[in-house]
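One structure below.
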Amino acid sequence: MTRIDLAIIGAGPAGMEAAATARETGLSVLLIDEQPEPGGQIWRAIECNVSERPDNLVFLGPDYAAGAARAERFRASGANYWPSAMVWHLDNPETGDKTALVAWDGVTRQVQARSVLLATGAMERPVPIPGWTLPGVMSIGAAQTMLKSSGLYPEAPLVLAGSGPLLLLFAVQCHAAGIPISAVLDTTPAGAMTRGLPHLPKALLGWRTLLKGRRLMQALASSGIPVYRHVRNLEALGADSVERVRCTSDGQTVEIEATTLLLHEGVVPNPQLTRLIGCEHRWNAAQRCFHPMLSDRGETSVPGVFVAGDGGGIGGAPAAENTGRIAALEIAEELGAVNRPSGDIEIVKARDNLRAQMAVRPLLDAMYPPPDWIGKLDGDVLVCRCEEVSARAVRGAVADGAPGPNQAKAFLRAGMGPCQGRMCGLTVTEILADAHGKEPDAIGYYRIRPPIKPVTVGELAALDGAD
Amino acid sequence: MFRRLPDPRARAVHFTFDGEALTANSGDSVAAALLGAGIEHSRTTPKSGTARAPYCMMGVCFECLIEIDGVANRQGCLVEVRDGMAVRRQQGAPGLPEDLADEGGQ
Ligand code: FES
């Protein structure tokens, strides 16, 4: 068994910054992460690219390269670090420390922590279009991960479809790396600029982000990649894998050849751990997803359990670092850490930075609104990929008397497969909300039970220090 | 199908997929190694037996579930490929320990 002051889960911008900050205050820290090296999704494989494939840093860009210094600071912080480790249970007993069960190196280890910081970040919003389960259809983040981690890229014909900053960034990265893109199918609804304009004055505080967005838009426009605008009714077509993509663009039907179709409709908090430990969540209507309720210290409704980074609400990497810093300093205060010189000044500074970084969110939300069609889904399209449950079946569950996702799950097995609802949870909530004519808050979300990751018999048998 | 950018410092890793010898680069996840070697689908679904391929590459979709060295239900996108690994396509729903499968699914 491992006893520690602060257990941090997730080694992205928030987790690394929190670990380094907490170490400065004198807390003992353990950081647990699923990846083999620190960086999270944004700085995925940063150390490997710096040491083995420095040429790739050119097209991956300066914001990616900036992760190297962060990883270095974290490595030097003296925090304990378990890479390639999976938290499969997190428990909050009535009294005493929180317990995490972690599969690491073939053994399940028990971690007892006085405080827990969840820095598990965001996941891409699942995009349930017809044909999205065909091999060859992936998320844009998946393709970007393969490019960062392995230098792998999809062969032509490659089509990108969706909306938002990550789509832009990846298209520009591909172009800079000489990877051909057949078409970008932009699903952003008409009038982005008009929607964004009222939010512009406040957003100017985050001018750095705005400038970067502008640069990316210009780079895409001058790349020569065909861009179809105002895309709707997207479908992936093919027998054994994707062969063509069909959609409407400005009302006209478009059909394009593709052996890889990459989808992206923004990112949402990864809800698994905050749900598992019973944190309260609220629906965010502008972003169409649930957020854990957080105090301005970053604490959830479960005392001693904190959230930093995109898992608490989407803000991007620089904001994540500041929320990580704030949470670490607040936890240090609460646990009576020995060394907190000018901690309060630090918190004020971090909050100021955070305010500037969050100032662009309303503008981005207005310009790139989340899909309005997911709650309206019906018919054969698969909502739950694991158990192959259609939108029609989910609607049918309402007629059969299912008031919420947990009853729909019992009726249909949706959300009962290995992903435990990660891929269908939001869609099921949205469809049920639409069918009942209620707000998603009144509908709720799946109850999440352990183990939240597959545990092998060997890993269970080797539960260390359980007695 | 995927291709690789030139990588002069890459080190080759040799593994097998359903008995066939394949090569990857060190640092690849098992899921990336298979896609890089031209393996289009890495599992079939328990319900209809449909072919599936990795979707998220970051541990959330579970479409990369695969058998590695005799252990089923590994997330291929989270396991690094190693020399001598025996990887097999996962057909349907092989043995999750019963009690866990039940509990996890409630
Ligand atoms: S590809 Fe999604 S979990 Fe591995």
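Name the residues in region B:1-51 that are over 18 Å from B:Val79 (Cβ atoms), polar (S, T, N, Q) and more than 10 Å from chain A (Cβ to nearest Cβ), would you?
If the condition is that a residue be over 18 Å from B:Val79 (Cβ atoms), polar (S, T, N, Q) and more than 10 Å from chain A (Cβ to nearest Cβ), then B:Thr44 is the only one that fits.
Restricting attention to region A:432-453, does a residue exist that is buried (at least 17 other Cβ atoms within 10 Å of the Cβ), more than 25 Å from the chain's Cα centre (by Cα), within 13 Å of another protein chain (Cβ to nearest Cβ) and not hydrophobic (A, V, I, L, M, F, W, C)?
No: region A:432-453 contains no residue that is buried (at least 17 other Cβ atoms within 10 Å of the Cβ), more than 25 Å from the chain's Cα centre (by Cα), within 13 Å of another protein chain (Cβ to nearest Cβ) and not hydrophobic (A, V, I, L, M, F, W, C).
Here is a list: A:Val245, A:Val227. Which entry is buried (at least 22 other Cβ atoms within 10 Å of the Cβ), more than 16 Å from the ligand (Cβ to nearest atom) and more than 14 Å from chain B (Cβ to nearest Cβ)?
Step by step, each of A:Val245, A:Val227 is checked, and only A:Val245 is buried (at least 22 other Cβ atoms within 10 Å of the Cβ), more than 16 Å from the ligand (Cβ to nearest atom) and more than 14 Å from chain B (Cβ to nearest Cβ).
Restricting region A:104-131 to residues that are within 13 Å of the ligand (Cβ to nearest atom) and over 21 Å from A:Val172 (Cβ atoms), which is nearest to the other protein chains (Cβ to nearest Cβ)?
Among residues in region A:104-131 that are within 13 Å of the ligand (Cβ to nearest atom) and over 21 Å from A:Val172 (Cβ atoms), the one nearest to the other protein chains (Cβ to nearest Cβ) is A:Met123.
Surrounded by fewer than 16 Cβ atoms within 10 Å (Cβ to Cβ) and away from the ligand (no atom under 11 Å from the Cβ): does that describe B:Arg88?
No.
Among the residues that make up region A:196-213, is at least one of them under 25 Å from the mean Cα position of the chain (by Cα) and within 14 Å of another protein chain (Cβ to nearest Cβ)?
no
Identify all residues within region A:411-452 that are in contact with a helix residue (DSSP H, G or I) (Cβ under 9 Å, 6 or more places away or on another chain) and small (Gly, Ala, Ser); write none if there are none.
Selection gives A:Ala414, A:Gly415, A:Gly417, A:Gly421, A:Gly425, A:Ala433, A:Ala435, A:Ala442, A:Gly444.
Restricting attention to region B:43-64, which residues are touching a residue at least 12 places away in the same chain (Cβ under 8 Å) and either within 8 Å of the ligand (Cβ to nearest atom) or in a loop (DSSP other than H, G, I, E, B) (or both)?
Scanning region B:43-64 gives B:Thr45, B:Pro46, B:Gly49, B:Ala53, B:Pro54, B:Cys56, B:Met57, B:Met58, B:Gly59, B:Phe62, B:Glu63, B:Cys64.
Which one of these is assigned to a loop (DSSP other than H, G, I, E, B) and among the charged types (D, E, K, R): A:Arg447, A:Arg395?
On inspection, the qualifying residue turns out to be A:Arg447.
How many residues does region A:132-156 contain that are facing chain B (nearest Cβ under 7 Å), within 17 Å of the chain's Cα centre (by Cα) and of a type in the set (A, V, I, L, M, F, W, C)?
3
Sort out which residues of region A:43-81 are small (Gly, Ala, Ser) and either in a helix (DSSP H, G or I) or away from every other protein chain (no Cβ under 13 Å) (or both), and write them in order of number.
A:Ser51, A:Gly61, A:Ala65, A:Ala66, A:Gly67, A:Ala68, A:Ala69, A:Ala71, A:Ala76, A:Ser77, A:Gly78, A:Ala79 - these are the residues of region A:43-81 that are small (Gly, Ala, Ser) and either in a helix (DSSP H, G or I) or away from every other protein chain (no Cβ under 13 Å) (or both).
No value in this document is a laboratory result; all are computed from the given coordinates. For clarity, every value in this text was computed on a predicted model and none was experimentally measured. Neighbour counts are summed over all protein chains in view; Cβ atoms, including those assigned to glycine, are modelled from backbone coordinates with ideal geometry.
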